[in-house]
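Have a look at the structure below before the remarks.
The numbers here are math on the coordinates, done by the rules we state, and not lab data. For clarity, every value in this text was computed on a predicted model and none was experimentally measured. Ideal geometry is used to build each Cβ from the backbone, glycine not excepted, and the neighbour counts take in all protein chains shown.
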């Protein structure tokens, strides 16, 4: 349920789509399928670039306005990553099915909720990127995302990475940040009550999770890094997932 | 020898190739010493004049009309009573009225749960046909309208603009004091009238109903930057909202509203949204690949033409009413031009915007 569990991912889980991925972390499980480039409908067709279509389906019920908002955010981010100019007049469709989401034991969870949920953003982003990699869609960079919450506890402020629904409810502010593999800030969504200084600190935390600088090979530095590497490094995780998939695929050689 | 140049009138140039048109305007090759100007004549950091007019609708409990340049939004707030027996899975509020109402910050947080669980705030946004060429008649709500209403809904809850204590209707509204006066009372359906003294039937305080606020926004004319305009309209309308005083009538066992007496909503703070779009020199900009990036301009309060040419945008909601600048929300998407430094710097721009909006609210 909590962030202490390591993320898990599998590639190519759906046989019929061009690329697919399943990812679970912090209580969320998301399956994504990617088809593309395929023929675009006429209204979506763009003369110079591919149209990126993102569809988010919730774990229960049909998608509402919140899903539309998530789709808009993901669409804006992913079309920056995909080399859309390589496929004019075509469509790249990404379908994200949320399979499991953590429940808040304190309240009766309603089926349709209109308010934003930043905690699901990392799972959606990671799954989409993995599925795009699995489909072999050309991209100029990959992206990783994380969610961070600031809670007031015993008179001190504490930062929680990948917060649970209950922690989000009591948090002062919740943030979702995504970074490209080059370290650029791709997406920043925050709500709550905070100052510029606090946001700055969170930026550091989130960047450390999303794209930590490559670990030094020297034995000395490795020892120093040990306590820091207790957390997950998303960029490294994406990389190792892809590496193991490639190794498995090329096993017959 | 120079090649003969074709002279195009500006509107034609803008129509044929909008991106180079805006780029030429910003770079102003004629005189590099001049500050960059946009096609609409504004500087990069200039906003359009904001006009706010409150209570323009007579049948709503609160309303506002906001004009931001050519973007015009009409917002109406209408309260409706929701009896608790109609709420599925209703959990009674614990404690007496005094206890609950005097609760400090904790009460507010608990209240947010009530508002969210029972959906006491219902914002809806409609982009009227004809307000901009891209909105066609007879189609379901567009992705833009849905996204906007989600953002407004979420911000309404996260800022705690309306407190739930204004929306609760209690069973025993302070025994003698306020219950008596207030002229004629009328049933919410407006059927029969009644005038009677309420004798102190000593019953335990309990919440019998909630006010549900329907916040409807209509874009009369749409020229970019919809969220800033919509949010300003919501805040102005809520500050203007006066709900009738409602009380529990034990005889008929229903909630009745006063016909004459009205109570203002207690709107906490003044959060102000400030949006900017990033215009990149390269058309169909490339995300940070490590190589040298083209120039980019931050265009504050983008209009419709600019919005179609920009992919990256940032919206920051700030509230400086406590003296200190508190950020209520940051939304940045669609590119990597805005890094950490720009977000930090943008807080200053948003502060300036807050002062302007505050002046316009008066």
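With a 10 Å cut-off around each Cβ of B:336-342, the average count of Cβ atoms from other chains is 5. The convex hull built on the alpha-carbon positions of chain A has an orientation-averaged projected area of 16.4 nm². Note on segment B:272-361: Cα-only Rg and Dmax are 14.1, 45 Å.
Stretching the chain fully between residue B:14 and residue B:281 yields a gain of 94.5 nm (0.36 nm per residue, less the alpha carbon separation).
Take each residue of peptide A:132-144, count the partner chain Cβ atoms within 10 Å of its Cβ, and average: the result is 1.
Each of B:327, A:168 was scored by other Cβ atoms within 10 Å of its Cβ. Arranged with the fewest first, they read A:168, B:327. Per-residue shielding of A:168-179, expressed as the average number of other chain Cβ atoms within 10 Å of the residue Cβ, stands at 2. Here r is the Cβ-Cβ distance between residue B:80 and residue B:46 and R0 is 56 Å; the resulting FRET efficiency, rounded to 0.05, is 0.85. Note on segment A:141-184: Cα-only Rg and Dmax are 12.6, 41 Å.
Can you pull the one-decimal nm distance between simple spin-label points at residue B:252 and residue A:153, each 7 Å off the Cα toward Cβ? Going by the 7 Å Cα→Cβ label model, 5.3 nm. Gain on full extension, evaluated as 0.36 nm per residue between residue B:58 and residue B:259 minus their Cα-Cα distance, stands at 70.9 nm.
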